[in-house]
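Down below is the structure, laid out as structure tokens.
The values are calculated or read from the model by the stated rules, or taken from the named source; none is laboratory data. This one's a predicted model, so the numbers in the text were calculated from it and none came from an experiment. Cβ placement follows ideal geometry from the backbone for every residue including glycine, while neighbour counts extend to all protein chains displayed.
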Amino acid sequence: MDKIVALCKRRGFIFQSSEIYGGLNGAWDYGPLGVELKRNLKDYWWRSMTQVRDDIVGFDGSILMNRAVWKASGHEATFSDPLIDCKTCKGRFRADQIDSSTCGLKPSKSPRECGGELTEPKTFNLMFKTYVGAIEDESAITYLRPETAQAMFVQFKNVVDVTQKKLPFGIAQIGKAFRNEINPRNFTFRSREFEQMEVEFFVKPGTGPEWLEKWLEERLSWYEAIGIPRAKIHVLTVPEKDRAFYSQGTYDLEYEFPFGIQELEGIAHRGNYDLKQHQEHSGKPLEYFDEESKTKYLAEVVEPSAGVDRTVLALLCEAYAEETVKDEESGKEETRVVLHFVPRIAPIKAAVFPLLKNKPELVAIARDIYKKLQPLMKVAYADSAAIGRRYRRMDEVGTPYGVTVDFETLEGTKAASVSATGAPIELGQKDTVTLRHRDSMKQERIAIADLPAYLLAKIS
Ligand code: ATP
């Protein structure tokens with residue numbers, strides 16, 4: 001884990017929030033490469049859930065909502081964790097995680113083993129409270145949403161009316177959520193500000209259990225498509241005593257992180273709890289009119305709820321490898337750090353290199369290829385350092401393809417006549433470059449004219 005955290009900082013994936021002021025516990029910033037990785041992940045989820053399916057529509061709700069939403073949903077009364085204080089080291093711990101926590105004074109021991117004086121557990125609401133408007137009184141209280149789901153429940157009727165969707169159908173949303181976690185830890189795994197990707201899938205009464213199974217399969221194959229193999233995901237059937245009170249069945253999809261097997265996503269059959277609560281509290285009907293049976297009823301809901309940040313972390317953990325390889329230039333053995341991201345997720349899809357930066361004809365062609373690829377995908381251009389070194393730097397951030405303009409590119413082509421003044425290059429159909437594959441480190445020649453289509457097919 002330490003190596004991954006260090007790589008994230010060194011190469012600009014993830015930084016500590018407010019770092020120059022000593023940081024803020026539980027908050028993280030995504031740097032230039034991290035934001036690309038995260039965006040690719042969210043785009044792929046969005047595409048899988050909304051674009052290629054007829055039965056799910058997209059949605060983007062506000063973070064601040066009427067406080068009544070949180071009363072109706074039960075969050076105000078029950079969205080809490082049991083908190084234990086240590087009077088000796090002043091540490092604060094979640095009662096259900098105390099055995100895996102460490103004492104502030106004796107880090108090798110847990111708070112129960114260290115002999116410190118512990119308080120009885122008390123409930124601690126995880127929602128961040130805030131005030132809407134200028135006056136900070138009781139009537140102005142609301143919360144930063146602790147999950148994205150509620151907006152999709154309270155807008156259920158509007159979405160049905162405008163889309164005319166028939167059950168079963170879903171609403172999908174990606175957005176920020178906030179929880180004042182007692183003990184943020186394990187890098188971004190448990191944060192106080194994070195993003196969720198949630199689907200509320202509304203189904204006919206009685207069909208919840210079968211949809212729960214379908215969603216389990218759907219989500220497992222989705223993780224496979226982003227490079228997290230099924231074998232690395234543990235499916236936990238959450239026992240009744242550990243489920244949220246409204247849940248009629250929950251699967252947790254857990255990943256083998258270096259710090260233990262931990263939850264990536266929860267898939268819950270929530271029954272009609274949410275719609276029922278909001279219907280009762282708002283006094284507005286949220287029933288669905290079934291044209292086939294000419295009856296009205298409350299839909300049941302199956303909810304796959306995934307964490308963006310946890311999935312990004314799982315992708316980094318899964319992709320990270322240290323390998324002994326031969327340097328491609330000198331032939332000497334060395335260790336390379338490589339991120340084996342699948343191309344659709346990789347932050348940079350290809351890097352373009354002129355073999356030598358002081359050869360204007362190589363540089364001109366490399367710049368031209370780079371500029372032509374740029375509108376199609378995220379590409380990088382690198383001209384300093386030896387070529388082997390440049391490959392290594394791209395391996396370390398998971399760039400799947402390297403494109404090198406070398407002397408063979410120039411052989412017998414119109415490109416050979418390129419002037420140092422930057423006159424437009426007319427490349428012939430047969431001009432080729434070296435295409436280097438990150439994982440196998442194999443190199444082959446490819447016609448420059450074929451490059452965009454080749455790369456687009458690989459990343460799509
Ligand atoms: P945990 O038991 O780990 O606290 P949870 O069961 O409370 O998680 P859910 O309420 O089911 O989590 O939220 C759905 C998803 O949102 C989780 O599977 C996780 O990926 C993400 N998530 C929840 N809390 C956090 C957090 N503090 N930091 C990062 N991601 C989170």
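The figures follow:
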| item | result |
| --- | --- |
| Filter pass, residue 220 being within 23 Å of residue 318 (Cα to Cα), more than 12 Å from the ligand (Cβ to nearest atom), part of a helix (DSSP H, G or I) and under 17 Å from the mean Cα position of the chain (by Cα) | yes |
| Those residues of the range 9-33 which are touching a helix residue (DSSP H, G or I) at 6+ places or on another chain (Cβ under 7 Å), of a type outside the set (D, E, K, R) and crowded, with 19+ Cβ neighbours inside 10 Å, in sequence order | 13, 14, 30 |
| Index of the failed condition, residue 241 passing every other in (1) at positive phi; (2) not in a loop (DSSP other than H, G, I, E, B) | (1) |
| Leading residue by the ranking (farthest from the ligand (Cβ to nearest atom)) among those in the range 245-296 that are touching a Pro at 6+ places or on another chain (Cβ under 9 Å) and of a type in the set (S, T, N, Q) | 279 |
| Out of 153, 187, 169, 201, sole residue that is buried (at least 18 other Cβ atoms within 10 Å of the Cβ), within 12 Å of the ligand (Cβ to nearest atom), of a type in the set (Phe, Trp, Tyr) and assigned by TED's automatic domain parsing to the domain that holds residue 26 | 187 |
| Residue tally, condition in contact with a Gly (Cβ under 8 Å, 6 or more places away or on another chain) and at pLDDT below 95, over the range 328-346 | 3 |
| Within the range 38-96, tally of residues that are in contact with a helix residue (DSSP H, G or I) (Cβ under 6 Å, 6 or more places away or on another chain), under 30 Å from residue 121 (Cβ atoms) and either aromatic (Phe, Trp, Tyr) or not in a helix (DSSP H, G or I) (or both) | 3 |
| Pairs with Cβ under 6 Å, 6+ apart, first in the range 232-247 and touching a residue at least 40 places away in the same chain (Cβ under 8 Å) and closer than 18 Å to residue 209 by Cβ, second in a loop (DSSP other than H, G, I, E, B) and more than 13 Å from the ligand (Cβ to nearest atom) | none |
| Long-range neighbours under 7 Å by Cβ, at least six apart or interchain, first residue of a type in the set (Lys, Arg) within the range 263-281, second at pLDDT 95 or above | 270/301; 270/303; 276/298 |
| Enumeration of residues in the range 58-81 that are acidic (Asp, Glu), surrounded by 17 or more Cβ atoms within 10 Å (Cβ to Cβ) and over 30 Å from residue 106 (Cβ atoms) | 76 |
| Members of the range 204-220 found to be of a type in the set (A, V, I, L, M, F, W, C), out of contact with any Pro (no Cβ under 9 Å at 6 or more places or on another chain) and surrounded by 21 or more Cβ atoms within 10 Å (Cβ to Cβ), listed by number | 212 |
| Some residue of the range 292-303 being of a type in the set (Lys, Arg), in a strand (DSSP E or B) and over 27 Å from residue 397 (Cα atoms) | yes |
| Residues that are of a type in the set (Val, Ile, Thr) and within 23 Å of residue 75 (Cβ to Cβ), drawn from the range 105-142 | 123, 130, 132, 141, 142 |
| Leading residue by the ranking (nearest to the ligand (Cβ to nearest atom)) among those in the range 223-232 that are surrounded by fewer than 20 Cβ atoms within 10 Å (Cβ to Cβ) and under 25 Å from residue 171 (Cβ atoms) | 226 |
| Those residues of the range 82-102 which are buried (at least 16 other Cβ atoms within 10 Å of the Cβ), of a type in the set (D, E, K, R) and touching a Pro at 6+ places or on another chain (Cβ under 9 Å), in sequence order | 94 |
| Any chance residue 342 is within 16 Å of the ligand (Cβ to nearest atom), in contact (Cβ under 8 Å) with a residue 60 or more places away in the chain and either aromatic (Phe, Trp, Tyr) or closer than 22 Å to residue 218 by Cβ (or both) | no |
| Test result for residue 242, over 17 Å from the mean Cα position of the chain (by Cα) and within 13 Å of the ligand (Cβ to nearest atom) | yes |
| Residue 302 vs. criteria modelled with pLDDT of 95 or more, within 16 Å of the ligand (Cβ to nearest atom) and farther than 20 Å from residue 38 by Cα | yes |
| Considering residues of the range 120-150 that are in a loop (DSSP other than H, G, I, E, B) and loosely packed, with under 13 Cβ neighbours inside 10 Å only, the residue nearest to the chain's Cα centre (by Cα) | 133 |
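Table: residues versus (1) loosely packed, with under 14 Cβ neighbours inside 10 Å; (2) modelled with pLDDT of 95 or more; (3) of a type in the set (Asp, Glu).
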{"position": "319", "(1), (2), (3)": "no, yes, no"}
{"position": "322", "(1), (2), (3)": "yes, yes, yes"}
{"position": "326", "(1), (2), (3)": "yes, no, no"}
{"position": "348", "(1), (2), (3)": "no, yes, no"}
{"position": "354", "(1), (2), (3)": "no, yes, no"}
{"position": "390", "(1), (2), (3)": "no, yes, no"}
{"position": "413", "(1), (2), (3)": "no, no, no"}
